[in-house]
Amino acid sequence: MFFPGLNFCQHTAILASFFMVVTLEGCESMKQYRAEKKILLILILSFLSPVLCWAWQVKVVGISDGDTIKVLYNGKQEKIRLYGIDCPEGFQDFGKKAKKFTSAAVFGKTVSVKPIDTDRYGRTVGIVIYAGGTMNLNAELIRAGYAWVYLQYCKRPECKMWEFIEVTARDEKNGLWSMPNPVPLWEFRRNGNSSRASTVVAEPKERHQASVVYHGNVSSHAYHAPGCRHYDCKNCTDVFQSKEEAEKAGYRAHRECLIQGATN
């Protein structure tokens, strides 16, 4: 059985529906069901299947820049804009390195794309998972210092953890944070810098310092970053503006929080 236009996951759901109906016919009470109800059940599950199978399994066939890739989906090329982040463009400092990082991570490989939205250019905006489901490309670009968290648009729960990863990348001077005061592309454009000349200009550091507040557990003396599971625990009443401040007060990063920061 084959239905043109549907993907493998949708076909699987439809076939499962048929098998379920056939199985239910073995029940005495189900024999009284009319054929129309069977068809309705199949149709309902068929419509639900895109929701159940919302992550695309696709091959990456092109890299436009650090935060935009091309994938092959249902036989067609689709542009994917990475959700919640912004990489420097090719003419800016670290723009080419961001593109190279993305290419090394996913080009020619099969990845999972979790669609979230469609932007004004018709591109799918989403989260890209690679390396057998263990790595999040959006987060890894931030960790390597090749992307900013796009605070204006990044509103999902994981964005808080990405902000924490960004602060860590800045503290470790990874990628673009090795420069004195890099500024994100949206600020660069807002200042009227549309030429393809140089580079990323100055950014107030307060943007990052104000965005992350650490909570300290007064009982265990472990501190938690936003997005960590125990961030708002009952004993997490101490508040710190930086991890250095927390550590100076005798606190240490919670083990679980460190694991989350490495994998999300």
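The values are calculated or read from the model by the stated rules, or taken from the named source; none is laboratory data. Just so it is clear, the structure is predicted and the values come from calculations on it, not from any experiment. With ideal geometry, Cβ positions are generated from the backbone for all residues, glycine too; neighbour counts draw on all protein chains shown.
If you go through the range 127-174, how many residues are at positive phi and either touching a Gly at 6+ places or on another chain (Cβ under 9 Å) or assigned to a helix (DSSP H, G or I) (or both)? Even if it seems obvious, please write down each step before you answer.
In the first step, residues of the range 127-174 are kept if they are at positive phi; the result is 131-133, 145, 173.
Next cut, either touching a Gly at 6+ places or on another chain (Cβ under 9 Å) or assigned to a helix (DSSP H, G or I) (or both) only: 145, 173.
Residues that pass the stated criteria total 2.
Out of Ala210, Ala246, report the one residue that is of a type in the set (A, V, I, L, M), at pLDDT below 75 and assigned to a helix (DSSP H, G or I). Break it down into steps so the answer makes sense when it comes.
Values: Ala246 fails: at pLDDT below 75.
Selected residue: Ala210, the only one of Ala210, Ala246 that is of a type in the set (A, V, I, L, M), at pLDDT below 75 and assigned to a helix (DSSP H, G or I).
Can you say whether Cys53 is surrounded by fewer than 20 Cβ atoms within 10 Å (Cβ to Cβ), touching a Phe, Trp or Tyr at 6+ places or on another chain (Cβ under 9 Å), on the phi < 0 side of the Ramachandran plot and at pLDDT below 95, as far as the supplied structure shows? Give the derivation first.
Values: surrounded by fewer than 20 Cβ atoms within 10 Å (Cβ to Cβ): yes; touching a Phe, Trp or Tyr at 6+ places or on another chain (Cβ under 9 Å): yes; on the phi < 0 side of the Ramachandran plot: yes; at pLDDT below 95: yes.
Answer is yes for this residue.
For the range 80-115, which residues satisfy the criterion of being surrounded by 22 or more Cβ atoms within 10 Å (Cβ to Cβ), small (Gly, Ala, Ser) and not in a loop (DSSP other than H, G, I, E, B)?
Listed by number, the list holds a single entry, Ala98.
In this structure, is Asp93 of a type outside the set (S, T, N, Q) and within 30 Å of Ser178 (Cβ to Cβ)?
Details: of a type outside the set (S, T, N, Q): yes; within 30 Å of Ser178 (Cβ to Cβ): yes.
It is true that Asp93 is of a type outside the set (S, T, N, Q) and within 30 Å of Ser178 (Cβ to Cβ).
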